[in-house]
């Protein structure tokens, strides 16, 4: 009986793995498009929308350099971002060296038909548990990515594209994340109504959704960026 169960399990597992379509070729095409960009400097505006927190729209300067250098500078105000969230660029997500890419159906994102790809880490020590990408196959663009990590929870990145789509660079990026385990910057004051009992920072943020929106106004691509920018 035990032998039968083992054989049955082995059969189902092998059937699943053989039927799951390998999406590596599509991911490689997306990666090749992103690999055109060696570095960029971008201007933009960032809007933060988190319950009980006032953070006005502010100008930002963003720098990127291969393979994974990323820097965001904000003019005054609070830069409230999920740890690891905004620093994750598509070039670092779209890699087949450390992930297995499997088909997971299709979905429509903001009116665009996409292929859903599950990126499973090969390295068991990876902080990333799973990344689900929604790829616009016709234009080789990642429209949305949902990443679950061991340390920083789950966050979602949604992108819209315009005049820089040939480089795979978005005009707008929206980050959504759960604030449950998010640590507030020092000196940040939470707001509450007059009739509401004051709560601790932990209680205020528990199970709340955070949202950070960046609208890019300009990119300077492949002009070279000094490493000192990222220190």
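Bear in mind these aren't lab numbers, they're just calculated from the coordinates by the rules spelled out. If you're wondering where the values come from, they're calculated on a predicted model, not measured in any experiment. Note that we place each Cβ from the backbone using ideal geometry, even for glycine, and neighbour counts take in every protein chain shown.
Neighbour counts of C-beta atoms inside 10 Å place 34, 102, 169 in the sequence 102, 34, 169, starting with the fewest.
Between residue 211 and residue 32, take the C-beta separation as r, use R0 = 35 Å, and let me know the FRET efficiency to the nearest 0.05. Please report the intermediate quantities before stating the final value.
On the way: r = 31 Å, r/R0 = 0.89.
Efficiency for this residue pair is about 0.65.
Using 0.36 nm per residue and subtracting the Cα-Cα separation, the extra length available between residue 61 and residue 125 on full extension is 19.8 nm.
Peptides 111-123, 132-144 ranked from most to least packed by the mean count of surrounding Cβ atoms within 10 Å: 132-144, 111-123.
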